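Let me begin by presenting the structure, written as structure tokens, before commenting on it.
The values are calculated or read from the model by the stated rules, or taken from the named source; none is laboratory data. The model shown is predicted, which means the values in this text are computed figures rather than measured ones. Here the Cβ positions follow ideal geometry from the backbone for every residue, glycine too, while neighbour counts run over all protein chains shown. Surface areas here come from the heavy atoms of the whole protein model, side chains and all, with no ligands, DNA or RNA. Shrake-Rupley method; radii C 1.70, N 1.55, O 1.52, S 1.80 Å.
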Amino acid sequence: IGSIAAAFYPRPVIVRLGDFKSNEYRRLVGGENFEPEEENPMIGFRGASRYLSPEFKDAFELECEALSHVRNKMGLTNVELMVPFCRTPEEGKKVMSILNANGLQKGKDGLKVWVMCELPSNIFGIDEFAKVFDGFSIGSNDLTQLVLGVDRDSGLLAELFDEDNTAVKQAITQAIEGAHRNGKEVGLCGQAPSDKPHFAGFLVDLGIDSISLTPDSVMQAIEIVSKAEHKEALAKEIEEAFTSHDAMRAKPSAPIKA
């Protein structure tokens, strides 16, 4: 973490806190001795709920210790945090308390704490989540599976997993509008802009603040984003020109003096 943060200093480096699921932990050496066997780990013991569990307390505090060392000992205060799979604002507040107790106080030395916006509850309750966190990152992969009810680990349903689905795009639209309504930055991380470059244009049209990409898709996406931003700027110039023209026409002319 320190090496990456140093390479980009002073630009922000956002570290998403651990989000392994129980089936992933179980596959590690010795994992079966500690992890539950869940029917659907995708919506199970993961994210913020795991951090708050007494069984996982020591592991999460070790992660916090590492991040605190990077920020407070190494001086890399450009490191910011992101909480994944946070089901309720109340969960978010409890996670904040644990971070505070482990040397990661939101706002201290500019520390920002973001939240993944990847659950329907994050979107429907975005005004409340905005009171807890500094910004949002839309997780299009989890959001798609939860909006469509499609387990993205299931090969039987793979063809139904589609970020281009109208319902998913409407959810993303609401998330971006909700974040900006609350004065918060919002980005998107997920496969959609990398696999479907036109999706990046859709996000730019909505005014998204940042997009994550896989290395092999960066150049193509940059071109698409540039065109979308140019189109947006041109539309704004045209609108301003028409507004100015209408104002000139509405302005009463000066009386003619004899």
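Within the range 206-226, being at pLDDT 75 or above and either loosely packed, with under 13 Cβ neighbours inside 10 Å or in a helix (DSSP H, G or I) (or both) holds for 207, 214, 215, 216, 218, 219, 220, 222, 223, 226. Screening residue 34 against (1) under 18 Å from residue 113 (Cβ atoms); (2) out of contact with any Ser or Thr (no Cβ under 8 Å at 6 or more places or on another chain); (3) of a type in the set (A, V, I, L, M, F, W, C) leaves a single unmet condition, (1). With the condition kept exactly as written, say whether any residue in the range 74-84 is acidic (Asp, Glu), crowded, with 17+ Cβ neighbours inside 10 Å, touching a residue at least 40 places away in the same chain (Cβ under 8 Å) and not in a loop (DSSP other than H, G, I, E, B). Yes, the range 74-84 has at least one match.
For the range 26-65, the tally of residues that are among the small types (Gly, Ala, Ser) and under 14 Å from residue 94 (Cβ atoms) stands at 4. Within the range 85-105, the set of residues being more than 21 Å from residue 187 (Cα to Cα), touching a residue at least 40 places away in the same chain (Cβ under 8 Å) and either of a type in the set (Lys, Arg) or part of a loop (DSSP other than H, G, I, E, B) (or both) comprises 94, 102, 104. Here residue 90 clears all of (1) in contact with a Lys or Arg (Cβ under 9 Å, 6 or more places away or on another chain); (2) within 25 Å of residue 110 (Cα to Cα) except the condition numbered (1). So, in the range 20-50, of the ones that are touching a Lys or Arg at 6+ places or on another chain (Cβ under 8 Å) and assigned to a helix (DSSP H, G or I), which residue ends up most open to solvent (accessible area, probe 1.4 Å)? Among those that are touching a Lys or Arg at 6+ places or on another chain (Cβ under 8 Å) and assigned to a helix (DSSP H, G or I), it is 32.
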